[in-house]
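Below is one structure, written out as structure tokens, with a few remarks after it.
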Amino acid sequence: MKEKVKENLSQSFQDPSEGKTGSNATSPFIVMTNEQLEQYCLRMVDGVITALVTVFGLTDEKEKLVSKREAMQQFGVCETTLYLWGKKGYLKPVKVGNRVMYRTDDINRIIGSNI
């Protein structure tokens, strides 16, 4: 599985060398403007997300995940409430690495049942 993630990541990233300036082409340093660095970082994040979606097959709507912060905002609750809901089985968290995420279909189910 690691090889599949590496392959997808390597296809997603581009070399930021378009930001190189100066006559020293063999320098190990890359000179970039803030905007170029920001764009490169955004491409990296998009590449990681794309690779993870591809590897883990998170393509259909019911398997989309939101962060803990997004879930807190959608419900208007604090982190402790989400934790207690998870313990009670009301809204089960999904661990992705060391991050706690929540399924959008679970959130929509709870919001829909309270309308």
Check your understanding: What is the one condition in (1) open to solvent by 70 Å² or more (accessible area, probe 1.4 Å); (2) closer than 30 Å to residue 105 by Cα; (3) among the polar types (S, T, N, Q); (4) modelled with pLDDT of 70 or more that residue 59 does not satisfy?
Key -> (4)
Check your understanding: Under the condition of being of a type in the set (Ser, Thr, Tyr) and outside any loop (DSSP other than H, G, I, E, B), which residue from segment 64-115 is most open to solvent (accessible area, probe 1.4 Å)?
Key -> 83
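The values are calculated or read from the model by the stated rules, or taken from the named source; none is laboratory data. Bear in mind that the values here come from a model prediction, so they are computed numbers and not experimental data. Accessible surface is based on the protein model in full, side chains and every heavy atom, while ligands, DNA and RNA are left aside. Shrake-Rupley method; radii C 1.70, N 1.55, O 1.52, S 1.80 Å.
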